[in-house]
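The values are calculated or read from the model by the stated rules, or taken from the named source; none is laboratory data. None of these values were measured; they are calculated from a predicted model. As a convention, Cβ positions derive from the backbone with ideal geometry for all residues, glycine included, and neighbour counts pool all protein chains shown. Note: accessible area is taken over every heavy atom of the protein model, side chains too, but ligands, DNA and RNA are not part of it. Shrake-Rupley method; radii C 1.70, N 1.55, O 1.52, S 1.80 Å.
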Amino acid sequence: MIRAIVAGAGGRMGGRIINIIEADKDITLAAAFEKKGSRFAGQDAGIVAGLNRALGIIVQEGLEGVIDEGDVLIDFTFHEATLNHARIAAGAKKPMVIGTTGLSAAEIDEIRNLARSFPCVLAPNMSVGVNLLYKLVEMAAKTLGDDYDIEIIEAHHRMKKDAPSGTALQIGRVAAAAVGRKLEEVGVYARHGLIGERTAKEIGIQTVRAGDIVGEHTVLFGGIGERIELVHKASSRDTFAKGAVRAAKWVVGKGPGLYDMQDVLGLK
């Protein structure tokens, strides 16, 4: 039985992950924690997660006190907190699954360096469907080439802090690489006013924030006389939570290194 430690137990994703763990026969909740001063600290993790029953596991303040209690850490918190948790996990050589979005290039580089000493799955989206979408985008972009314009539209709930979504950026990187470009050089994230004609190489990524949208991504390949759209819509956060738990079960026992959901799903 794999023992999991869940970061951000009082958050939307933390609670769903605890629910999914409790429904899985191959993994169990060993510990849960929140940031220092959280109102959830000291409460039972089952009650905090909305299970309506106590699990006998009290939500602690900080990772340091519980890092030795589990086999794997699952983290969907905030980029600064996640980086600190990764440092602690690396020091303890504890496998980790990171689903946090909004990580900067410098933070990702540090996690990559830390992963030389511990196994870590880092993915901007843990959904099985989204990771299949990456493959479909790669295939479409390679087949269609420079004759088709690439546009990405993403929509999320009004509370999401980062934009564009990590998933949209990853789609952009996959599409750009497939046609021999770099997203950092051709990405266009806003259009307003008299901007002139669209350039042939640019890849547009546009953001919508509204209501309680869980997550929607549309990849549009626009040609002359036709267009192709690849669409993924998430209706529940459980799709991300299930993917994270699947990754947690997969990463235990792996060697040091930085992995992603393509590794977990065997798509590489």
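Things to note:
- Translational diffusion of segment 1-158, µm² s⁻¹ [Kirkwood Rh, Cα pairs; Stokes-Einstein; 20 °C; 1.002 mPa s]: 126 µm²/s
- For Phe40, the solvent-accessible surface with a 1.4 Å probe is about 40 Å², rounded to the nearest 10.
- Within the accessible surface of segment 1-111, defined with a 1.4 Å probe on protein heavy atoms only, the carbon and sulfur portion equals 49 percent.
- Over the chain, relative contact order from alpha-carbon pairs under 8 Å, at least 6 apart, %: 20 percent
- For segment 85-92, 3J(HN,Hα) per residue [Karplus equation, 6.51 cos²θ - 1.76 cosθ + 1.60, θ = phi - 60°, Hz, x = Gly/Pro]: 5, 5, 4, 5, 4, 5, x, 8
- With a simple spin-label model that places each label point 7 Å from the Cα along the Cα-to-Cβ direction, the separation between Glu229 and Arg209 comes to 2.4 nm.
- In the chain, taking the dipole from charged Cβ atoms about the Cα centre, the farthest positive-side position among Leu144, Gln206, Asn52 is held by Asn52.
- Computed over the chain, the range of Cα coordinates on each principal axis works out to 61, 39, 31 Å, biggest value leading.
- Segment 111-268 - Debye-derived log10 I(q)/I(0), Cα point model, q = 0.10, 0.11 Å⁻¹: -0.40, -0.48
- FRET efficiency, 1/(1 + (r/R0)^6) with R0 35 Å, evaluated for Ser104 and Ile47 via beta carbons: 0.50
- Segment 58-115-segment 217-268 distance, computed between alpha-carbon centres (Å): 20 Å
- Here Lys93 is the anchor, and the lysines within straight C-alpha reach of less than 17 Å, apart from those fewer than 8 places off in the same chain, are Lys249, Lys254.
- Surface per residue (accessible, 1.4 Å probe) for segment 173-268, Å²: 57 Å²
- Note on the chain: antiparallel DSSP beta bridges, both residues inside, total approximately 35 percent of the bridges counted.
- In the chain, taking the dipole from charged Cβ atoms about the Cα centre, the farthest positive-side position among Phe240, Gly37, Leu265 is held by Gly37.
- Counting DSSP beta bridges with both ends in segment 167-252, the antiparallel % (nearest 5): 80 percent
- Cβ-placed point charges (K, R +1; D, E -1), dipole of segment 127-214 about Cα centre in debye, nearest 20: 280 debye
- Charge tally in the Cβ shell below 10 Å around Gln206, where Lys, Arg are +1 and Asp, Glu are -1, Gln206 excluded: -1
- Simple point charges give the picture: +1 on the Cβ of Lys and Arg, -1 on the Cβ of Asp and Glu, and for the chain a dipole about the Cα centre of about 360 debye.
- Taken over the Cα atoms of segment 1-69, the convex hull encloses 72 Å³ per residue.
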